[in-house]
Every structure is written in C-alpha cells, then in structure tokens.
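J.: First the structure, then my questions, so here it is.
The values are calculated or read from the model by the stated rules, or taken from the named source; none is laboratory data. Predicted model, so just to flag it, every value in this text is computed and none were measured. Backbone-built Cβ (ideal geometry, glycine too); neighbour counts: all protein chains shown.
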Amino acid sequence: MPWQAELPLASGPALADNETSRSIALGDRIVPYVLRRAKRRTIGLSIDHRGLRVGAPPRASLREVESLILHHAEWVAQKLDEWRSRRRPETLKIVDGTRLPWLGESLEIRVALGSNRVLWNELAAPVLTLCLRAPAEAPRVLEKALRDKARELFVERLAHFAIPLGLTVPPLSLSAARTRWGSCSLKTGIRLNWRLLHFPRHIIDYVVVHELAHLHQMNHSRRFWAVVGQVCPDYKAARDELKQLAAHCPQW
C-alpha cells in the first residue's frame, strides 16, 4: 500500500522562532507535525484541530523526538482521526430569537434599536436584549455582554473554591482560546475561557477547581488530581462531559 500524505487538520498562525515544521511516516501515512523547542524536562505530544504538535527540551535529539512519536503511533493516529471526524459547530447568526446554551439553560437573544447596550432579564427564562445601532454590531455587543457576565461569575467561583483549598484568590483574566478552557500561572494568575458560560455550572466549577489546584501542583500528577478531588470528587465525570460539550460550543 502506498504511503498516504496527510494534511494538517487546520491552518494555523505562522510558526514561532522556536518551532519547525516536520513530518514522519507512521505506517502507511505521512503525518506532519510542529516541533517546538522550549525549557522543559520531557518530550510531550499533543493533538488538536491544528494536528500533531511536539514540545521538546533544546537538548533532545530529533531521533529521541521521533522515537517517542513512533512509540505512540497508534494513539497519534487515533486522535488525528477523532479530530478529523469532528463536525465543527455551525456559525450562528445573532438575530432576534437566537438561542444559546447558557449555564445549563437556554438564553434567548432579543434584538432592538438602541445605542449598543444590553438589557438582562433573568427572573424567569433568561433573556438578553441587544439594543443595537446596526445589526452588524450584534456579535461584538453580545460577546462583551457575555464576557462581563463571565468575569462576574468566575470571580465568585474562584473565591468560593480558593478557601477550602487554602489559597488566596488569584488574579483573573479572560481568554477566548478555541481549544483551551483554562490556564494557570504562578506569576499572572488564572485565565478562564469566557465561553464556559455555554456549559452547566458544575462544568465551570470543575475548570475553576482544576486551575486552582495548579497553584498547589503545576503538573497533572496523582497529587494534583488528589487536590482536585478534595472539592470536586466527581471530576472524572465532569472532565469527560466537558470534552463532549466542547465539540458543540457555539461560535459566531
């Protein structure tokens, strides 16, 4: 059987100075990957919508890098196929009557003429009215409104879980990454994806606890998961549910 040349799953930004584009033969398929040299102790593999990416210490040889890829060839092929088979969410049009998943419920969007401000009604079924100067302003005004709500909720949940974990509430910033729901830095604090608002509250709590736990353990060791389990005993189920929900997160 002839080798099958495989294209990246999606085009991405230009490579950084410490990144190179390479390819490797895995059975009957040639798989492209991006090799990133960075200050780290081990070689790591990750796969997302962009394809295979490999992080390696500066001193790791190319032979060592590709030996690890070959050792995990079955896993790499399986994950690449899973990403390729995923259907990207359809791009939503923000018009009067659009509905978005919202904290385990459905948020109804209303559109009216106005000065680019919003009106919330959360007493019964949640409704968000976008008062717009022009219909084209809808995506931007909607995102700002959701970001504001996200910050308010995330601050409250960080404070709620920091106490039982024996932590001071860290600084919070918001992100809009397509494939990452949270990150943690000892220097800058915690970043949470505002799109988490599209998921139920217990999923948000899992992500919050996950990132707070990194302030105790900056890894994913057994000790790390033990910290997560202290306040989120059902974290395994939440982690699996997040993966399923992520595939259907709305985009506009």
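J.: Spot the failing condition for residue 76; the list is (1) modelled with pLDDT under 95; (2) surrounded by fewer than 17 Cβ atoms within 10 Å (Cβ to Cβ); (3) over 20 Å from residue 177 (Cα atoms), and only one is missed.
T.: (2)
J.: Would you confirm whether any residue within segment 103-121 is within 20 Å of residue 242 (Cα to Cα), free of Cβ contacts under 8 Å to residues at least 60 places away in the same chain and charged (D, E, K, R)?
T.: yes
J.: Read through the list (1) surrounded by fewer than 14 Cβ atoms within 10 Å (Cβ to Cβ); (2) in contact with a Leu (Cβ under 7 Å, 6 or more places away or on another chain), then give the number of the only condition that residue 134 fails.
T.: All conditions pass for residue 134, except number (2).
J.: Now for a different question. Does residue 152 qualify as being assigned by TED's automatic domain parsing to the domain that holds residue 228, outside any loop (DSSP other than H, G, I, E, B) and exposed (fewer than 12 other Cβ atoms within 10 Å of the Cβ)?
T.: yes
J.: Continuing with this model, one more query. Looking at (1) within 24 Å of the chain's Cα centre (by Cα); (2) surrounded by 15 or more Cβ atoms within 10 Å (Cβ to Cβ); (3) within 30 Å of residue 249 (Cα to Cα), which one does residue 37 not meet, given that it meets all the others?
T.: The single condition residue 37 does not satisfy is (3).
J.: Still on this structure, please answer the following. If you check 191, 195, which single one turns out to be of a type in the set (Lys, Arg) and within 14 Å of residue 157 (Cα to Cα)?
T.: 191
J.: Hey, can you tell me all the residues within segment 38-79 that are more than 12 Å from residue 26 (Cβ to Cβ), in a loop (DSSP other than H, G, I, E, B) and not small (Gly, Ala, Ser)?
T.: Hits for segment 38-79 are 39, 40, 41, 42, 43, 49, 50, 57, 58, 59.
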